[in-house]
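Read-outs: derived from the displayed coordinates by stated rules, not from any lab. Nothing here was measured: the structure is a model prediction, and the numbers come from that model. Please note: Cβ atoms are built from the backbone with ideal geometry, for glycine as well, and neighbour counts cover all protein chains shown.
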Amino acid sequence: MTLVSALEESFDIAWSFLEKSGELRGAAESEDILLNSIEQQLRKGERRKLMLANRAISAYRAQVARIPAFRGRILELLEGQ
């Protein structure tokens, strides 16, 4: 698996999950958070696409949790699972 395909596939997994769960807020900002997380992991040597995606989702949720307007919605979604 090339770095580009690892980046693309893990991004697609994370984006699809967040989109289906209703957690995505602001396409440009969401894209930046996910891509930054995945790129950092790739630089450290991680290549497993599910691990890349899961950590990117966690990074996204952590970033969004810092924004009060979204915190309540994220907690609602997590409690409903």
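Some observations on this one:
- Rounded to the nearest 20 debye, dipole of the chain from Cβ charges on Lys, Arg, Asp, Glu: 320
- Relative to the longest principal axis of the Cα atoms of the chain, helix 68-79 runs at roughly 80 degrees.
- The C-alpha atoms of the chain define a longest principal axis, and helix 27-43 lies at about 40 degrees to it.
- Stokes-Einstein diffusion coefficient of the range 3-79, Kirkwood radius over Cα pairs, 10 °C, 1.306 mPa s, in µm²/s: 128
- Sorted by Cβ density within 10 Å, fewest first, the residues Phe17, Phe11: Phe17, Phe11
- Against the chain, whose longest principal axis is taken from its Cα atoms, helix 49-65 shows a tilt of about 30°.
- Across the chain, the relative contact order, built from alpha-carbon pairs under 8 Å that are at least six residues apart, equals 36 percent.
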